[in-house]
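Engineer: Before I ask anything, let me first share the structure, which is written out below as structure tokens.
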Amino acid sequence: MKRIGMTLCMALLGTGCAHSPKVPGPEQGSRSESLAAAAEKAYRALEFPRCAEDFRAAAEADPDGATRAESLYRAAGCDALAGDTHAAVEVLKRAVQGGYFNADHLQYNPELEPLRAQADWDGLVAQARANLAKAAEPPFPVPTLASVDTFGSRKADAAAVLQVLGLEVGKPFVHSAALMAKKEAALRKQFNLAFAKVGMSFFFAEELKGNAFVTVDLVDAEDAQRARFLPAPQGHPKDPEGLVARWRAYEDRLWPLQVQGKLDPEKSVCQVAHCIGGFGHPDLADFEPEFLAKVPKALDAVTAVLREDADEDRRAAAALLLAYAPTARETVRRLVPFIRDPSSGVRNNVLRVLTATQQTAKEPLLDVATVVDAASMPTVSDRNKSFYLLTYLLDDLPAEALDAQRAGLTKQLGEDLVTMAALQQPTNREPAVEVLERLSGEKHDTAEAWRAWLSRQPK
């Protein structure tokens, strides 16, 4: 897949993490992880007192100093969101005394805004900076907000949306899933929307390194079918051969290496069409042989996790494991039914693998109609993967088949494509331009030129 750089959706991590994810360990560590998972669930449900309680409990159960400090920091955010400023300050003191060192995150975290008027605030920031000077590795950096794109609504104009969100382009940006959930609810009410989601992509490679791009995805009430998804699974299937756990362990090792710039792009490869970050680093080398050996023998069980598991993170891992099916067609056959999973993270992974699989193919592996339907889904991660997928699919169509599809696809997709071509986030804009070039047989440098081209097409 064409990529500007590897991106990480911070909305999946609450307000982000200052330290590397923890690898599962002894019984005590497992208990702290369970408590932290419960705290994260409460956070996502906006149950802030419970969130604070569970993060404090996770810290008490954690044998690792760095992650204990992280849990205390997250507890402070939950206390602040619950309106308990005193408790938030006290637990934040414990976090920095315990070694919390991401001073920039602390300073710009909007969840901690109520604490900044407290007498202890400057001292807490100073202590975090002192901890940072002694840290073995840098924290996940706080990006700069490069742009805010709005897409999908005929009612809500960009200026009004930006006013509701209160974001400032050009300033350091810490994403708060909880605060954005409240803003999303306000947007739905103000503009009578069926769907509103604020997504953030952070680039940490190449020329866009250190920049965050926000996309506000909106669906008007009369377009609610765009946000139709499969029912949320409720099952708990067995993890076949521990493969789901192994994939998640791989990701836990991968992301810190990527953030710290320790992955060589030339060596970040794998033996299948898609694997996120490759296995070239010595810390990652042990994983792929296991996936190659075990996944083909466990396809039905891995697919059962994707179809049935109530845990969206396990479903997301299962989708990526299916890249290790023995043939490209088998990978596609097993993934297509789950394009409309209720979790955006799962949909993202399903479409990532489908896109990479079609990219390496020499013939169409999906129906164009299936991909067009996927492109109508409401989030940027749905659209950009779908349009990249459509690009590769159009490339593999016989010339006469492509010619037969051009006019219909232009009528169906043209307005959305030229709108996306005007957006600032590269992963919004670039796949739209790629599709426009295939449909038009032309190249244009500006969104205005693409709009002019569309105006010349038969209605």
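Engineer: Restricting to the range 158-169, and then to whatever is farther than 24 Å from E222 by Cα and either touching a strand residue (DSSP E or B) at 6+ places or on another chain (Cβ under 6 Å) or aliphatic (A, V, I, L, M) (or both), can you tell me which residue is most open to solvent (accessible area, probe 1.4 Å)?
Structural biologist: Ranking the candidates gives V169 first.
Here's the yes/no breakdown for (1) open to solvent by 40 Å² or more (accessible area, probe 1.4 Å); (2) touching a Phe, Trp or Tyr at 6+ places or on another chain (Cβ under 7 Å); (3) over 22 Å from N349 (Cα atoms); (4) among the β-branched types (V, I, T):
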{"position": "V368", "(1), (2), (3), (4)": "no, no, no, yes"}
{"position": "M377", "(1), (2), (3), (4)": "no, no, no, no"}
{"position": "D382", "(1), (2), (3), (4)": "no, no, no, no"}
{"position": "T391", "(1), (2), (3), (4)": "no, no, no, yes"}
{"position": "L394", "(1), (2), (3), (4)": "no, no, no, no"}
{"position": "A401", "(1), (2), (3), (4)": "no, no, yes, no"}
{"position": "T427", "(1), (2), (3), (4)": "no, no, no, yes"}
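Engineer: Of all residues in the range 411-425, count the ones that are part of a helix (DSSP H, G or I) and either surrounded by 18 or more Cβ atoms within 10 Å (Cβ to Cβ) or β-branched (V, I, T) (or both).
Structural biologist: First, pick out the residues of the range 411-425 that are part of a helix (DSSP H, G or I): 411-421.
Narrowing further to those that are either surrounded by 18 or more Cβ atoms within 10 Å (Cβ to Cβ) or β-branched (V, I, T) (or both): 413-414, 417-421.
Going through the range 411-425 one residue at a time, the tally reaches 7.
Engineer: Same structure, new question: Within the range 194-205, is even one residue out of contact with any Phe, Trp or Tyr (no Cβ under 6 Å at 6 or more places or on another chain), farther than 18 Å from P110 by Cα, in a loop (DSSP other than H, G, I, E, B) and modelled with pLDDT under 95?
Structural biologist: Checked the range 194-205: at least one residue is out of contact with any Phe, Trp or Tyr (no Cβ under 6 Å at 6 or more places or on another chain), farther than 18 Å from P110 by Cα, in a loop (DSSP other than H, G, I, E, B) and modelled with pLDDT under 95.
Engineer: While we're looking at this one, here's another question. Residues being within 29 Å of D264 (Cα to Cα), more than 16 Å from the chain's Cα centre (by Cα) and buried (at least 19 other Cβ atoms within 10 Å of the Cβ): count how many of those fall in the range 184-217.
Structural biologist: Result for the range 184-217: 1.
Engineer: If we keep just the residues of the range 45-57 that are part of a helix (DSSP H, G or I) and touching a helix residue (DSSP H, G or I) at 6+ places or on another chain (Cβ under 7 Å), which is most open to solvent (accessible area, probe 1.4 Å)? Show your work before the answer.
Structural biologist: Within the range 45-57, the first condition is being part of a helix (DSSP H, G or I), and the residues that meet it are 48-57.
Subset that is touching a helix residue (DSSP H, G or I) at 6+ places or on another chain (Cβ under 7 Å): 48, 50-52, 54-57.
Numbers: F48: 13, R50: 125, C51: 0, A52: 1, D54: 13, F55: 10, R56: 73, A57: 33 Å².
Residue satisfying both the conditions and the ranking: R50.
Engineer: Tell me yes or no: at least one residue of the range 111-126 is surrounded by fewer than 18 Cβ atoms within 10 Å (Cβ to Cβ) and of a type in the set (F, W, Y). Show your work before the answer.
Structural biologist: Looking only at the range 111-126, we keep the residues that are surrounded by fewer than 18 Cβ atoms within 10 Å (Cβ to Cβ), and these are 113-114, 116-123, 125-126.
After this cut, where a residue has to be of a type in the set (F, W, Y) as well, the list is 121.
Looking through the range 111-126, at least one residue is surrounded by fewer than 18 Cβ atoms within 10 Å (Cβ to Cβ) and of a type in the set (F, W, Y).
Engineer: How about the range 263-297: which of its residues are assigned to a helix (DSSP H, G or I), of a type in the set (A, V, I, L, M) and open to solvent by 10 Å² or more (accessible area, probe 1.4 Å)?
Structural biologist: Filtering the range 263-297 for residues assigned to a helix (DSSP H, G or I) gives 287-297.
Add one more test, that the residue is of a type in the set (A, V, I, L, M), and what stays is 292-293, 295.
Across the range 263-297, the qualifying residues are L292, A293.
Engineer: Pick out, from the range 309-407, the helices (runs of 4 or more DSSP H) lying fully within it that include 2 or more residues that are touching a residue at least 24 places away in the same chain (Cβ under 8 Å) and within 16 Å of the chain's Cα centre (by Cα).
Structural biologist: On the way: elements: 312-321, 328-335, 344-359, 368-375, 380-396.
Ranges flagged: 312-321, 344-359, 380-396.
Per-residue answers, yes or no, for (1) small (G, A, S); (2) under 16 Å from A128 (Cβ atoms):
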residue: P49; (1), (2): no, no
residue: A52; (1), (2): yes, no
residue: A58; (1), (2): yes, no
residue: A61; (1), (2): yes, no
residue: L72; (1), (2): no, yes
residue: G77; (1), (2): yes, yes
residue: N102; (1), (2): no, yes
residue: L106; (1), (2): no, yes
residue: P110; (1), (2): no, no
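Engineer: Right, another one. Out of the range 417-459, which residues are under 24 Å from A146 (Cα atoms), among the hydroxyl-bearing types (S, T, Y) and out of contact with any helix residue (DSSP H, G or I) (no Cβ under 6 Å at 6 or more places or on another chain)?
Structural biologist: Within the range 417-459, T419, T446 qualify.
Engineer: Restricting to the range 148-193, give me the number of residues that are assigned to a helix (DSSP H, G or I), among the basic types (K, R) and out of contact with any helix residue (DSSP H, G or I) (no Cβ under 7 Å at 6 or more places or on another chain).
Structural biologist: Here is the first cut: in the range 148-193, the residues assigned to a helix (DSSP H, G or I) are 158-165, 177-191.
Filter again for among the basic types (K, R), leaving 182-183, 188-189.
Keeping just the survivors that are out of contact with any helix residue (DSSP H, G or I) (no Cβ under 7 Å at 6 or more places or on another chain) gives 182, 188-189.
Summing the residues that are assigned to a helix (DSSP H, G or I), among the basic types (K, R) and out of contact with any helix residue (DSSP H, G or I) (no Cβ under 7 Å at 6 or more places or on another chain) in the range 148-193 gives 3.
Engineer: Moving on to the next point. Checking the condition in contact with a Phe, Trp or Tyr (Cβ under 8 Å, 6 or more places away or on another chain), open to solvent by 20 Å² or more (accessible area, probe 1.4 Å) and within 25 Å of L46 (Cα to Cα), which residue from P231, P172 passes? Steps first, please.
Structural biologist: Details: P231 fails: in contact with a Phe, Trp or Tyr (Cβ under 8 Å, 6 or more places away or on another chain).
Exactly one residue qualifies, and that residue is P172.
Engineer: How about the range 58-146: which helices (runs of 4 or more DSSP H) wholly inside it have at least 3 residues that are at pLDDT 95 or above and under 28 Å from G170 (Cβ atoms)? If you could, list the steps in order and put the result at the bottom.
Structural biologist: Details: elements: 65-81, 85-97, 103-108, 121-133.
Where helices (runs of 4 or more DSSP H) fall fully within the range 58-146 and carry at least 3 residues being at pLDDT 95 or above and under 28 Å from G170 (Cβ atoms), they are 65-81, 103-108, 121-133.
Engineer: Could you give every pair whose Cβ atoms fall below 8 Å, whose first residue belongs to the range 110-131 and is in contact (Cβ under 8 Å) with a residue 12 or more places away in the chain, and whose second residue is charged (D, E, K, R), counting only separations of at least 6 or pairs across chains?
Structural biologist: D120/K93; L124/K93
Engineer: Still on this structure, I have one more. For the range 132-157, name all the residues that are open to solvent by 50 Å² or more (accessible area, probe 1.4 Å), touching a residue at least 40 places away in the same chain (Cβ under 8 Å) and either closer than 23 Å to N211 by Cβ or not basic (K, R) (or both). Write out each step before concluding.
Structural biologist: Of all residues in the range 132-157, those open to solvent by 50 Å² or more (accessible area, probe 1.4 Å) come to 132-134, 136-138, 141, 144, 154-155, 157.
Subset that is touching a residue at least 40 places away in the same chain (Cβ under 8 Å): 137-138, 141, 144, 154-155.
Selection gives E137, P138, P141, T144.
The values are calculated or read from the model by the stated rules, or taken from the named source; none is laboratory data. Bear in mind that the values here come from a model prediction, so they are computed numbers and not experimental data. FYI the Cβ positions are ideal-geometry reconstructions off the backbone, even for glycines, and counts take in every protein chain you see. Ligands, DNA and RNA are stripped out before the accessible areas are found, and what is left, the full protein with its side chains, is counted by its heavy atoms. Shrake-Rupley method; radii C 1.70, N 1.55, O 1.52, S 1.80 Å.
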